[in-house]
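Student: Let me give you the structure first, and then I'll get to my questions.
The values are calculated or read from the model by the stated rules, or taken from the named source; none is laboratory data. Computed from a predicted model, the values in this text were never measured in an experiment. Cβ: placed from backbone, ideal geometry, glycine included. Neighbour counts: every protein chain shown. In case anyone asks, the SASA skips ligands and DNA or RNA and just uses the protein heavy atoms, side chains included. Shrake-Rupley method; radii C 1.70, N 1.55, O 1.52, S 1.80 Å.
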Amino acid sequence: MSDLSNKKGDEICGEVNFTIDGRPFSVYDRKQAPGDLLQLAGLDPCGYDLARVRDGRPPKRLDDDDRVRIREGDKFVSVRERAAVA
């Protein structure tokens, strides 16, 4: 049996816990589209973007076409898209 164990809590399978806007969520599929994560948080992906938060760095906005690899304890925030003003 091979050992596909974790690196810094990044197991290959099993539940992974993270937050979006400070609210806890968990998934089993560690690769997700940003829009799917926004919907999980109850937000409309047409009006929000998702950004990853890491200590000591500004939030990094994720492209809609990205596949996000989620790691245990990751923190994300929603970012309101700019609206056109009439």
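Student: Can you work out the accessible area per residue across the range 20-86, with the rest of the protein chains kept in place, probe 1.4 Å, in square angstrom?
Tutor: Accessible surface, normalised per residue, equals 69 Å².
Student: Please give me the summed charge of the neighbours of Ala51: other residues whose Cβ is under 13 Å from its Cβ, Lys and Arg +1, Asp and Glu -1.
Tutor: Around Ala51, the surrounding residues sum to 0.
Student: Restricting to DSSP loop positions (anything but H, G, I, E, B) with no more than 13 other Cβ atoms inside 10 Å of their own Cβ, which trypsin sites (Lys or Arg not before Pro) remain in the range 34-86?
Tutor: Passing both the DSSP loop test and the Cβ count: Arg54, Arg67, Arg82.
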